[in-house]
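Remarks on the structure that follows.
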Amino acid sequence: MNAGPGAPRVALVTGATAGIGRATAQLLVARGWRVVGAGRRVDRLAAMERDLGEAFHGLAFDIADETAMRVALASLPAELAAIDLLVNNAGLGLGTQPAQDGSLADWRVMVETNILGLLAITRELLPRLIERRGAIVNLSSVHATWPAPTNGVYGGTKAFVRQFTLDLRVDLHGTGVRVTSIEPGLVETDFYRVRSGADQAGHDAYYGGTDPLRPGDVAEAIAWVAGLPPHVNVDTLEIMPVSQSWAGYRLDRGGGGGR
Ligand SMILES: NC(=O)c1ccc[n+]([C@@H]2O[C@H](COP(=O)([O-])OP(=O)(O)OC[C@H]3O[C@@H](n4cnc5c(N)ncnc54)[C@H](OP(=O)(O)O)[C@@H]3O)[C@@H](O)[C@H]2O)c1
């Protein structure tokens, strides 16, 4: 699916310096989009500008810093400021403890990044997305729907993203703007390293033997959604690796009451 006839269309991908966001930026460029890729790591953005050429423009800011986000967007040249597709991908999980041992500071960072950061840039870009009958793809997670141990706050932020996506779609009814919640299961990225502070050995142990999704698998889904004809809206899309399902649920014959 290409960007469409006429001039290349413009996508803004947050969290473009790694994982799903980087794969999405690369794929969209390959499919004829001009991509503004955002993230905090300037060196990675510069490397992507070198690799992807003129079709990629790095934009460094912290998504949780509303002023920095506005200043960065204001620096875009006119042809890149006319954004047709917003991929709200920047996000993270922090901590591996159950809620009763969790860190309020970690929870705050997840809320500020996954919820407030996403809201701020969405609100900022909505007028131009409406003007251009554009599209928004939000990265939620299977944890928006399916509870799992130690995932409470992260899952809560992703449930927010999913529900906000659906309600946004209602408000945008009649504008032509398409809105989608993508909800992946396990994807092998830096996500676990960021979440747990694990080193490469920890990363390998976590993903080892799972045959997880690759970032490119999710990027394909995002590019597919973005390239659909203007009358088609994918509302939600849950994607898991074959190795992951609900089969892990077990009935505790001891009653689960902690006796
Ligand atoms: N991996 C999975 O299994 C999985 C499953 C479902 C959903 N997801 C979601 O997919 C999205 C991408 O995750 P990933 O797995 O690709 O993780 P990743 O490899 O760790 O990439 C995360 C990206 O988010 C950016 N980011 C994080 N905090 C930021 C901040 N404060 N300001 C700006 N950018 C920030 C990072 O850029 P900088 O560090 O350069 O700022 C990086 O580019 C997340 O929303 C995640 O919740 C992941």
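FYI, it's all coordinate maths here, none of it is from the lab. Please read all numbers here as calculations on a predicted model, not as lab measurements. FYI the Cβ positions are ideal-geometry reconstructions off the backbone, even for glycines, and counts take in every protein chain you see.
Miscellaneous remarks
- In this calculation the C-beta distance from ALA159 to ALA46 is compared with R0 = 25 Å, giving a FRET efficiency of 0.10.
- On a per residue basis, the convex hull of the C-alpha atoms belonging to the chain measures out at 144 Å³.
- On Cα atoms only, tilt of 42-52 relative to the major axis of the chain in degrees: 60
- Each of ALA72, VAL153, VAL109 was placed along the dipole of the chain (beta-carbon charges, centred on the mean Cα), and the one lying farthest toward the positive end is VAL153.
- Dipole of region 10-248, positive end: most advanced residue of HIS57, ALA82, THR236 [Cβ charges, Cα centre]: ALA82
- Charges were assigned to the Cβ only: +1 to each Lys and Arg, -1 to each Asp and Glu. The resulting dipole of the chain about its Cα centre is roughly 300 debye.
- Mean residue ellipticity at 222 nm, helices only, the chain: -12000 deg cm²/dmol; runs of at least 4 DSSP H residues each add -39,500 (n - 2.57), and the sum is divided by the number of residues.
- In degrees, nearest ten, helix 19-30 long axis to first principal axis of the chain (Cα): 30
- Acute angle (nearest 10 degrees) that the helix 118-131 long axis makes with the longest principal axis of the chain, alpha-carbon atoms: 30
- Local net charge near PHE61, Cβ-Cβ under 12 Å (Lys/Arg +1, Asp/Glu -1): -1
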